[in-house]
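The values are calculated or read from the model by the stated rules, or taken from the named source; none is laboratory data. These numbers come from a predicted model, not from an experiment. Ideal geometry is used to build each Cβ from the backbone, glycine not excepted, and the neighbour counts take in all protein chains shown. Heads up: the accessible areas ignore ligands, DNA and RNA and are worked out on the full protein's heavy atoms, side chains in. Shrake-Rupley method; radii C 1.70, N 1.55, O 1.52, S 1.80 Å.
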Amino acid sequence: MSKYLVNLKINNMPVAVEEGTTILEAAKRLNFRIPTLCNHPDLTVAGNCRVCVVEVKGARLLAASCATPVSEGMEVFTNSEKVRKARKHIVELLLSEHNADCTKCFKNGHCELQELASEYRIGDHVFLDLVTPESMIQDISSPSIVKDDSKCIRCQRCVRTCAELQGVSALAVVNKGDHQKISTFLNKPLHEVVCTNCGQCINRCPTGALTERNYIEEVWNAIYDPSKFVVVQTAPATRIALGEDLGIPVGERVTGKMVSALKKLGFNKVLDTDFTADLTIMEEGTELLTRLKKALVDKDEKTVLPMMTSCSPGWIKFQEHMYSDMLDNLSTCKSPQQMFGAVAKTYYADKINIKAQDMIVVSIMPCVAKKFECERPEMRDSGYQDVDYVLTTRELAMMIKQAGIDFHKLDEDHYDSILGESSGAAVIFGATGGVMEAALRTAYEIVTGREVPFTNLNIQPVRGMEGIKDATIKIKNVKPEWSFLEGVDLHVAIAHGLANARQLMEKVRRGEAVYHFIEVMGCPGGCLGGGGQPIPTSPEIRKKRAEAIYSEDEDMPIRKSHENPEVLEIYKEFLGEPLSHKSHDLLHTHYKPRKRY
Amino acid sequence: MENNLKKVDIIFEDSDKCAPLKVLEKTLKRTADDIILDLIDSGLKGRGGAGFPTGLKWKFTRNETSDVKYVICNADEGEPGTFKDREILDRVPEKIFTGMAICGYVVGAREGYIYLRGEYNFLLKSLLKKLNDFNAALKKLNVDFQIYFKSGSGAYVCGEESALFESMEGKRGEPRNKPPYPTVAGYNSKPTVINNVETLVYTTMICHMGPEKFKALGTSDSRGSKVFSVSGDTPIPGIYELELGMPLHDFVNEFGDGDTKAVQVGGASGHCVPRKKFNDTIIGFEGIPTGGSMMIFNSSRSMYNVLHDYLEFFAEESCGQCTPCRVGCQQLLKGIEAVKRGERPPAYLDDLKKLTGTMKIAAKCGLGQSVGNPFNSIIDNFREEIIY
Ligand SMILES: Cc1cc2nc3c(=O)[nH]c(=O)nc-3n(C[C@H](O)[C@H](O)[C@H](O)COP(=O)(O)O)c2cc1C
Ligand code: SF4
Ligand code: SF4
Ligand code: SF4
Ligand code: SF4
Ligand code: FES
């Protein structure tokens, strides 16, 4: 059915829009901005904050413009006296139950409520202060997330995020009326429930009610401590998004400037998680081929397929809670961040003659689940906590501002060596489908001796923002030692965002789809949409970030993980070969079942 | 003293002539359009509070194309001071079932649900027996319609139709955005007629006696009669079916204790009428409408306490999702306390009245929209009692 056009007037200006368009959208077409709080482009409509109300001629009630579709002949006023008065009241009401200590708030300067308050010049406190002492007790149980109910405006964006995008529902609305709040199963601390620490709720919280646990002071202290050698690693997706928090347009790559800034901040060495992303491909690609052989040739019953990627700690924790019977499907490879930590405090520390106990490894990540991951007891294979502190892309931007660095004016710099070299295959880890593409580039070549049969190495079928993608790669003319793969159709699938992952897992469990290899990233869009990335986020923003990632890949002189010279060197000098004993000790891990609530 | 109050006996009429199954059989021989015309002609408006013309509601739902439609009886009766639906459920449930079955026939629904207030579960045992008999009778008559009970969880807001659907769907009882309206997308997002218990009984009785007799009662804006729940300072509390459109004055003469100071018409979310306005207040859609609750206060009552109770009720029973209502109710409650204690000047009451203006037009559902009714009518008429 084709949609027909609806004619209406907004602030006396005529406009024709498709049937089903909301008043909010229609107003946007005419460049009338209507303030919103509970509305978010990634989520279903809630219509609960009411700041977006507008006047519709002839109607008794104001209409929530985010939730009201246009109708023929409608006359809308977005800024009439009635609207302004109501909107101001609503903002005043929100502030009256809000602990507005902006100066102490992590969201200061990035807060939608604060912006609205300043827009409406809410100066005098008309209403009574309703903030309760109980609401001011923060939940700091999680190493990733801080929940502060005294800053919550009950927009329920977090609840919808956790349910709709992530399929987790760790957060829910409880109680009614004056006791209504956002809480967890039985009001337990976040650390004790199914929360995956993905941080997607943080990305969509308009206020400071949900923020990352920040470790900025700890990192400054480490930098200032002369007895510590502080190395920093940067994840693939940070370099295409950091600029957004520093006044640079979405989709602009800032790799060189970021490296330059990190050096200016005082890190002793600026290294790259992309190096261990390449290392991951060597390990995981080999693991896949080994599993395929065990399953297809040796008919080993303990080897399960499909193999599933393990780079995303939010996904790992989700799997541990929800599909604990499928933990054997997960690759045993640690995430690139944790491989980096383990290698840095062993191989690298030796090389540069620093004692592991004197080394501090800091990660810059698009992710808040990585804060949890680095504290997992399994992640101490160097004999110390392999990664000491994880900062989000946002926290790094904050440090750059604190240091008074003019990011725009920075020259581009290069990563230090070693552990700084990487390939284009590593960069695309930051986008959904990227790990798959990188793995295929390498595995296909190992097996056939030829490059993957896609123009310019770009495996288009695994790219894009569809929730679940699948593809089949025919393997032909293999090298003799891989003869068991001759003519095999390799079936792969990719999911991003945990709600999609859940759907895919259900399909796999029901046996509806048979795959060999599955990539899952916990966050929508993959790491580029991670819970630690600059706010706001939206489908358009993530699309632009993905474009930046793929162009970064194309500009890299090396495009395949197995051609990274530093990777070849670490195998030669230290690890031996993929899946060697040493690799197992340092680069692989195991998982544990967790409760379902 | 002359009294125009007219007691009526339609809802609870219990003669053989109006045996529900007979009414049903007779009605099902008519066309759906005829039935709708009769309902529209009768002027029947919803008795659950909002007063929407019942015939139109059925017509809109009938006009929707959908394989699945529903008929829902709203038996959540949560408005403080209202207890008439309980009596109807107890005494003439078959008339409710019949109204639902007729409605199912008219709109093309095969399933009906009675959403029963949790506190009324004690009625369930005897109701279920009667319902089973009725469902069996429907089958015997080859009527493709069956009725089921669903129990509410005791939240006032779940009486609001869209919150009721959410609750029936197993979700948190939060009102939805409108449009879409229930006639288009109600329970399970299917076209749904939702009617109050009493409304459904009137539909049965209009089918039984014809629209003329119904129409002959009441006024042009408020046709027919209505069941009232009379409580408070009255020697004769209880359930009374009265003709609509009566002056409040007559009502007080009949039910008051001789010292009536005010009547709260329509429950906590209704309006408070002081003695000096009894004469020119009409009970009906043209004056002050009511879902049935009439609470009478004599001069021993503190209107501050009355208002305080209502506001406490709303601050607790707001579902909490929308800003104007969740925070507004608390501000009103805390606000009158602050004025009483002298922490805010009396003029602060005017700020609060302005706030109710915003709640009335910006809250998401009828709950938040109507808190201003008791607030303003009590503040305006009993300001000194609030301040001192
Ligand atoms: C907060 C709130 C509570 C309500 N509670 C009830 C109720 O308990 N019973 C009822 O019939 N209608 C109640 N209503 C009205 C319903 O939303 C709806 O209008 C009614 O059931 C329609 O039936 P009617 O057309 O027969 O009146 C309530 C409305 C609101 C806003
Ligand atoms: S959440 Fe926003 S308004 Fe509230 S204290 Fe933080 S910055 Fe200020
Ligand atoms: S971090 Fe992720 S899983 Fe945890 S509450 Fe937020 S959205 Fe849900
Ligand atoms: S925690 Fe944030 S996103 Fe969730 S309801 Fe509160 S303000 Fe909204
Ligand atoms: S008006 Fe009150 S009850 Fe209705 S949706 Fe808003 S908060 Fe909930
Ligand atoms: S943005 Fe429309 S109601 Fe919140």
Item to complete: Would you mind checking B:LYS17/B:LYS190; A:LYS294/A:LYS370; A:LYS28/A:LYS85 for any pair whose Cα atoms are more than 26 angstrom apart?
Response: B:LYS17/B:LYS190; A:LYS294/A:LYS370
Worksheet item: How large is ³J(HN,Hα) for each residue in segment B:331-346, as worked out from phi by the Karplus curve 6.51 cos²θ - 1.76 cosθ + 1.60 (θ = phi - 60°), to whole Hz, x for Gly and Pro?
Response: 5, 5, 5, 5, x, 5, 5, 5, 5, 4, 7, x, 7, 10, x, x
Response to the item:
For chain B, one quarter of the surface area of the C-alpha convex hull, expressed in nm², comes to 18.6
Worksheet, complete the sentence: For the pair B:THR31 and A:GLN503, the simple spin-label estimate (label points 7 Å beyond Cα toward Cβ) gives in nm 4.6
Practice prompt. Using the Kirkwood radius over Cα pairs, work out the Stokes-Einstein diffusion coefficient for segment B:167-301 at 10 °C and 1.306 mPa s, in µm²/s as a whole number.
Written response: 94
Worksheet entry | Percent of Cα pairs exceeding the 23 Å cut-off, where the set is segment B:280-388 | 29
Worksheet item: Residues of segment B:313-388: accessible area per residue at 1.4 Å, in Å²?
Response: 31
Worksheet entry | Cα Rg, Dmax, segment B:72-173, angstrom units | 13.5, 41
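Provide the three semi-axes, in whole Å and in decreasing order, of the ellipsoid equivalent to segment B:20-215 as defined by the square roots of 5 times the Cα gyration tensor eigenvalues. Walk me through the numbers before you get to the answer.
Values: eigenvalues 105, 74, 55 Å².
That gives 23, 19, 17 Å for the three semi-axes.
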Response to the item:
In whole angstrom, the spacing between the Cα centers of segment A:415-447 and segment A:1-54 equals 42
Worksheet item: In deg cm²/dmol, rounded to 500, what helix-only [θ] at 222 nm does chain B give when every DSSP H run of at least 4 residues adds -39500 (n - 2.57) and the total is split over its residues?
Response: -13500 deg cm²/dmol
Worksheet item: Using alpha-carbon pairs under 8 Å, 6+ residues apart, how would you state the relative contact order of chain A in percent?
Response: 16
Worksheet item: Under a plain spin-label model, where a point goes 7 Å from the Cα along Cα-to-Cβ, how far apart in nm are A:ASN31 and A:GLU378?
Response: 5.5
Item to complete: For segment A:171-219, report the translational diffusion coefficient in µm²/s to the nearest whole number, using Stokes-Einstein at 25 °C, 0.890 mPa s, and a Kirkwood Rh over Cα pairs.
Response: 195
Response to the item:
With T = 20 °C, eta = 1.002 mPa s and Kirkwood Rh from C-alpha pairs, the Stokes-Einstein D of segment A:101-212 in µm²/s is about 145
Item to complete: For chain A, with all protein chains present and a 1.4 Å probe, just round the carbon and sulfur fraction of the accessible area to a whole percent.
Response: 51
Item to complete: Please check chain A for the longest run free of trypsin sites (Lys or Arg not before Pro) that are loop-located per DSSP (anything but H, G, I, E, B) and have at most 13 other Cβ atoms within 10 Å.
Response: A:122-298
Worksheet item: Once the Cα gyration tensor of the protein assembly as shown is found, what semi-axes does its equivalent ellipsoid get, as square roots of 5 times the eigenvalues, in whole Å, sorted largest first?
Response: 63, 33, 23
Worksheet item: So what is the calculated 222 nm ellipticity per residue for chain A, using -39500 (n - 2.57) for each DSSP H run with n of 4 or more, over all residues, to the nearest 500 deg cm²/dmol?
Response: -8500 deg cm²/dmol
Practice prompt. Could you name every residue in segment A:33-66 that has 50 Å² or more less accessible surface in the full protein assembly than in its own chain alone (probe 1.4 Å, ligands and nucleic acids excluded)?
Written response: A:ASN48, A:ARG50, A:LEU61
Fill in: Selection from A:PRO557, A:PHE574, A:GLY531 lying farthest towards where the dipole of segment A:503-597 points positive, charges on Cβ
A:GLY531
Worksheet item: Ignoring ligands, DNA and RNA, what accessible area per residue does segment B:20-215 give at 1.4 Å, in Å²?
Response: 40
Item to complete: May I ask for the Kirkwood hydrodynamic radius of segment A:1-148, worked out over all distinct Cα pairs and given in angstroms to one decimal?
Response: 17.3
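Considering just Cα atoms, how many Å³ per residue does the convex hull of segment A:475-597 enclose?
In segment A:475-597, the Cα convex hull volume per residue is 215 Å³.
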Discussion item. Number of Lys pairs in segment A:441-558 with C-alpha atoms less than 24 angstrom apart, excluding same-chain neighbours closer than eight positions?
Written reply: 4
Practice prompt. Pairs of Cα atoms under 8 Å, at least six residues apart: use those to get the relative contact order of segment B:303-382, whole percent.
Written response: 33
Worksheet item: chain A: longest stretch without exposed GluC sites (Glu not before Pro) (DSSP loop, at most 11 other Cβ within 10 Å), sites themselves excluded?
Response: A:73-300
Worksheet item: Where a Cα-Cα gap under 20 Å defines reach, which aspartates and glutamates qualify for A:LYS302, not counting those fewer than 8 residues away within the same chain?
Response: A:GLU283, A:GLU284, A:GLU287, A:GLU320, A:ASP325, A:ASP328
Discussion item. I'd like the interface area for chains A and B: accessible area of each alone minus the complex, both sides summed, 1.4 Å probe, protein heavy atoms only. What is it in Å² to the nearest 100?
Written reply: 2900
Worksheet item: Can you pull out the trypsin sites (Lys or Arg not before Pro) in segment B:1-92 that DSSP calls coil and that have at most 13 other Cβ atoms within 10 Å?
Response: B:LYS29
Response to the item:
Expressed in angstrom and rounded, the centroid-to-centroid distance over alpha carbons for segment A:346-380 and segment A:193-245 is 14
Discussion item. Contact order normalised by length for chain B, with contacts defined as Cα pairs under 8 Å and 6 or more residues apart; what percent is it?
Written reply: 18
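Ignoring ligands, DNA and RNA, what percent of the 1.4 Å accessible area of segment B:126-181 is carbon and sulfur? Could the numbers behind the result be given before it?
Numbers: 1400 of 2710 Å².
Using a 1.4 Å probe with all protein chains present, segment B:126-181 comes out at 52 percent carbon and sulfur.
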Response to the item:
Between the alpha carbon centres of segment A:539-560 and segment B:323-358 the gap in Å comes to 55
